[in-house]
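Asker: Submitted below is the structure of interest, expressed as structure tokens.
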Amino acid sequence: MTTSTTIQSELEDFEAFIDPDFHPTTFANDLIVATNGNESNDIDLSTPIKKLKFDIQECNSRMTKIAANNYELLVSNFSRIEDTKSVLNDKINPAISQVNQKFDRIKSEVIEPYEEALRLNNALKRIHTTLDLLRGASFFIFIIQQLEQLEKSISSDNIKELPRLARLHNQLSELYDKANKNNAKDGNILSIKLIRDYYPIHVSKKSGLIDQSIQVMSNEFLYPSTFNVKNSNLENHLITFYLLDTDTFLSTFDKVIINKQVQLALTQLSRALQTPRNFTSILSEIKESSEEFFNQLHIILGSWEVSKNQNSSATSLEDILKSYYQNQDLLFLFYERLTKKFSKNIQATIDRGGPTSKNLKVYKNGLVKTIEVTFKNKDHEQLFLESISIINQ
């Protein structure tokens, strides 16, 4: 039997005391209950104490026996312990002390300066972030102040600054767009309440300027007295509209100017279908008024120039619209749309039948002759001839 097995055998009666989960209070309670029972009114403590004293004596006796039986092994181990202490004191501890000294030096000369530099670097980053935030805020506030001041100076008698107001709104929109793109980063400019709260105000004012420009465009083009190159109100609102929203400006121009003229002329031509004998006078009136309108429009648009910003070159509104319409002549575009709609009206009249349809067939040759006499421009003439070609088909 090995020594460890012998020792384990010697301690079998003391397993409760060497259990890792041993608790003196729990063991004492269990011992008292085991000695006295659960229903006993008189508690006997002397018996559990005698039991524990006996266990102590027995444990000491067995330890003495183990020591006696393993004398040589114990002496040998004591010698090893002394040797180990000697190695520890003479070699290991000095080496550890030397290592600790070097580590302390590394800590004081490298680690601590690095940690301090890291703290300073983080502080510097925060300072730069704050500085960038304040610099960005100053741009916002500067433009907002200019906007507010400029709005106060603009009135019905002083609207020349409207394009400048539009450019400021565009600058502010660009700043907000940039801020939104950087929204996930630290120190976002929109975290500043003044700037964040001004955004809906900016959007509302910009939208209001566009609505105002549309209203002016719709009204001023209708009256000959206001439809001229000296109309500063119309000029500045057109330029402002173009600067604020180019796409909407172009589509609105097409709807309010071109299509509006088409609708007015179509109403007159539709009356001619009821009384073809009046076709000559109506067509002449449409030709004269339309050419006058588009000639005047050509003069106006060619005279009014716009630049996106102070550094860009100016471009006339006419060149902008030419690009939009792919260099198509506006008068030709007007006649093209008018004749297409007029042809549909003729088809609808013929499909309904009755006296009006018969009159169209009777007067078709007269309509053709009127068109040929009225229009000297062969392209315009051809558009109208094609529109009435469905008669008698």
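The values are calculated or read from the model by the stated rules, or taken from the named source; none is laboratory data. Values in this document were obtained by computation on a predicted structure and should not be read as measured data. Because the Cβ atoms are built from the backbone with ideal geometry, glycine has one as well, and the counts that use them run over all protein chains shown. Each accessible area value is taken on the protein alone, full model and side chains, heavy atoms only, with ligands, DNA and RNA left out. Shrake-Rupley method; radii C 1.70, N 1.55, O 1.52, S 1.80 Å.
Asker: What residue among LYS65, LYS102, LYS125 has the largest mean-square fluctuation in a Gaussian network model of the chain, using Cα springs under 10 Å?
Answerer: Fluctuation is largest for LYS65.
Asker: Treating the angle as unsigned and between 0 and 90°, give the value, to the nearest 10°, between the Cα long axis of helix 279-303 and the longest Cα principal axis of the chain.
Answerer: 50
Asker: In whole Hz and in residue order, list the ³J(HN,Hα) couplings for region 311-318 that follow from phi through the Karplus curve 6.51 cos²θ - 1.76 cosθ + 1.60, θ = phi - 60°; x for Gly and Pro.
Answerer: Rounded to whole hertz, the list is 8, 8, 6, 7, 10, 6, 5, 5.
Asker: With no solvent and one equal point scatterer placed on each C-alpha of region 307-393, evaluate the Debye formula and give log10 I(q)/I(0) for q = 0.12, 0.20, 0.23, 0.24 Å⁻¹, two decimals.
Answerer: Debye curve over Cα of region 307-393, log10 I(q)/I(0) at q = 0.12, 0.20, 0.23, 0.24 Å⁻¹: -0.51, -0.94, -1.10, -1.15.
Asker: Give the shape of region 246-290 as rounded, prolate or oblate, defined through the alpha-carbon gyration tensor: a ≥ b ≥ c are the square roots of its eigenvalues, a/c under 1.5 means rounded, and otherwise the shape is prolate if a/b is larger than b/c and oblate if not.
Answerer: It comes out prolate by the Cα gyration axes.
Asker: Can you pull the Rg over Rh of region 109-249, Cα-only, Kirkwood?
Answerer: Rg divided by Rh gives 1.24.
Asker: Counting only Cα atoms, I'd like the Rg/Rh figure for the chain, Kirkwood definition for Rh.
Answerer: 1.59
Asker: Still on this structure, I have one more. Summing +1 for each Lys or Arg and -1 for each Asp or Glu, what net charge is found among the other residues whose Cβ lies under 11 Å from the Cβ of LEU297?
Answerer: Net local charge, LEU297 excluded: -3.
Asker: Here's a follow-up. If eta is 1.306 mPa s and T is 10 °C, what Stokes-Einstein diffusion coefficient results for region 227-316, Kirkwood Rh from Cα pairs, in µm²/s?
Answerer: 105
Asker: In whole percent, how big is the carbon plus sulfur part of the accessible area of the chain, probe 1.4 Å, protein atoms only?
Answerer: Looking at the chain in its full context, I get 52 percent from C and S.
Asker: 7 Å from Cα along Cα→Cβ at both GLN215 and SER313: what's the point-to-point distance in nm?
Answerer: Here the modelled spin labels are 3.8 nm apart.
Asker: For every other residue with a beta carbon closer than 15 angstrom to the beta carbon of SER156, add +1 if it is Lys or Arg and -1 if Asp or Glu, then tell me the sum. Present the calculation step by step, with values, prior to reporting the outcome.
Answerer: Numbers: positive: LYS152, LYS160; negative: GLU151, ASP157, GLU161, GLU220, GLU235.
In short, -3.
Asker: Moving on. So how many Lys-Lys pairs in region 158-247 land under 25 Å Cα to Cα, not counting same-chain pairs under 8 apart?
Answerer: 12
Asker: Right, another one. For region 320-393, what is the accessible area per residue in Å², given a 1.4 Å probe and the full set of protein chains?
Answerer: With the other protein chains kept in place, region 320-393 gives 58 Å² per residue.
Asker: Can I ask one more? Using the beta-carbon distance between ALA137 and LYS378 and R0 = 51 Å, what value does 1/(1 + (r/R0)^6) give for FRET efficiency, to the nearest 0.05?
Answerer: With a Förster radius of 51 Å, E is 0.20.
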